[in-house]
Amino acid sequence: MNYFIITYGCQMNRSDSERIAAVLEKMNYEKASNINEADLIVVNMCSVRQSAVDRVYGNIKNFEKLKRKNKNLKTLLTGCILKSDLEKFKKHFDFILSIKALSYWLEILRKGKYFYYPDPRDDKFNEEFNAFYLKEKQKYSNNFSAFVPIMTGCNNFCAFCVVPYVRGPEISRKAKDIILEIENLIKNNFKEIWLLGQNVNSYKDANINFPKLLKMVNEIPGNFWIRFTSSYPRDFSDELIDTMAECEKVTEYLNLPVQSGDDEILKKMNRPYTIEKYKKRVKKIREKIPNLTLSTDIIVGFPGETEKQFKNTLSLFKEIKFDMAYIARYSPRPGTVAAKLKDNVPLKEKEERRKTLTEILKETALEKNKKYVGKEVEVLVNESRIINNELRIFLGKTRAYKTVKVQIPDTRYQIPNTNLIGQFVKVKIVDALPWGLKGILI
Ligand code: SF4
């Protein structure tokens, strides 16, 4: 029996799909080389934007075609599913299962059809299932960079966000389980560890908070990098700043979502900080970590956002000079507080605002990247590409999470089987672009 997993959404979902693969292989399923070979198709969905949900409706049509060819084909939906979509999907899937019940999929999949997707915020359900599914071993997608969830869920209820409703309350993994998993990864020569959570800053296991956990991971012997995402400005403590600065393996990269540059909009978004506070935080972090790469998340066109309020986001971008940013146009999400507000910023205007911010980001990111030209940096190679059927380049990330196109100095490395993927290499930066750097392998 073969399985095929379709994954949408964030790193957390990608990590969950690695666990699903491991559980299915325990049941003697094998990975199908393509969707047509599958006897079980798993869709691990995301509901953060309507476009992500629409993709699942798009899959359904294809599944019906595949089922006509393979009568035994079963389809399973999991991941972040909104109540408003659940009933509709029951007509189109054989199984709809909560990811938190992953350890029971073995039994459930013996049934022909089955739905088990309790309300993710149901206390009884969370008492019983907690975050135990995170104890399931993962089938990592590569052998050098690993996603390690440290917690699941979120309690912040930002007015525009569905995560608290689909992922449930914040539940932290046991620190000892996290450390054990990472020790094994490092023993197997992994080079990069991503600590994942919707809000890693509020991680808590008895008296171990996030800075303490970072220190524990940093103490694991080995040559590897530590990254983490996502953070939450209100919970980004001085202790965490000091820990980032002191821990040698913790990289100079931070994603600190601000979401808007206007205090009134932040209040309506239920984001409990002011722009003044956010700027002070960033200033403090940059004092301690001078060559920090800072990225953020922004929503443009939130209900009621005036031209003047948008200008505040513009000036924040000009002042902070982010290296990277995920800029999204506001889209109402069912069940969220903001969905009750009038979505009165026209789509055309939202798109204009997104474009305007992107132009500023391009300028500030290029200005920052130019500082790397002539420098030698360490790069973790994560991909290779053949350009024009002859020139092979490698792609990778610096410690500060800058994307680098690595060119090979001479033909010696043009031999097809030379593989730098998963290795730390030294690179001389020769050019800067808005979204990355170009360099020569040393
Ligand atoms: S902190 Fe992040 S995940 Fe949590 S509700 Fe806000 S935007 Fe969503």
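The values are calculated or read from the model by the stated rules, or taken from the named source; none is laboratory data. As the structure is a prediction and not an experimental result, all values here were calculated from the model. We place every Cβ from the backbone using ideal geometry, glycine too, and count neighbours over all the protein chains shown. Accessible surface areas use protein heavy atoms only, side chains included; no ligands, DNA or RNA. Shrake-Rupley method; radii C 1.70, N 1.55, O 1.52, S 1.80 Å.
Among all the lysines, which ones have a C-alpha under 20 Å from K65's C-alpha, if same-chain residues fewer than 8 places away are not counted?
K74, K88, K90, K91, K113
Enter the accessible area per residue of the chain (Å², integer; probe 1.4 Å; all protein chains in place). Don't jump to the answer; show the numbers that get you there.
Working: 20410 Å² over 442 residues.
Per residue, the chain has an accessible area of 46 Å².
Cysteines of the chain lacking any other cysteine beta carbon under 4.7 Å?
That list is C10, C46, C80, C154, C247.
What FRET efficiency comes out for the pair K280/K90, r = Cβ-Cβ distance, R0 = 45 Å, nearest 0.05?
On the way: r = 49 Å, r/R0 = 1.09.
Given R0 = 45 Å and the Cβ-Cβ separation, E is 0.35.
Taking θ = phi - 60°, what integer Hz values does the Karplus form 6.51 cos²θ - 1.76 cosθ + 1.60 yield along the range 275-291, in sequence order, with x for Gly and Pro?
5, 4, 5, 4, 4, 4, 4, 4, 4, 5, 4, 5, 5, 7, 10, x, 9
When the helix-only estimate is applied to the chain (DSSP H runs of n ≥ 4, each -39,500 (n - 2.57), divided by the residue count), what is the mean residue ellipticity at 222 nm, nearest 500 deg cm²/dmol?
Working: 13 runs with 148 residues, N = 442.
Taken over the chain, the calculation gives -10000 deg cm²/dmol.
Would you calculate the separation in nanometres between label points at D177 and D431, each defined as 7 Å from the Cα along the Cα-to-beta-carbon direction?
Each label point is offset 7 Å from its Cα along the Cβ direction, giving 4.8 nm.
Residue-wise, which Karplus ³J(HN,Hα) couplings in Hz belong to the range 79-94, taking 6.51 cos²θ - 1.76 cosθ + 1.60, θ = phi - 60°, and x for glycine or proline?
x, 9, 10, 7, 3, 5, 9, 3, 4, 5, 5, 4, 6, 10, 10, 6
Full-extension gain between N223 and K321, please, as 0.36 nm times their residue separation minus the C-alpha to C-alpha distance.
32.2 nm
Report in % the part of the accessible area of the chain that belongs to carbon and sulfur, leaving out ligands and nucleic acids; probe 1.4 Å. Please report the intermediate quantities before stating the final value.
Numbers: 10640 of 20410 Å².
Looking at the chain in its full context, I get 52 percent from C and S.
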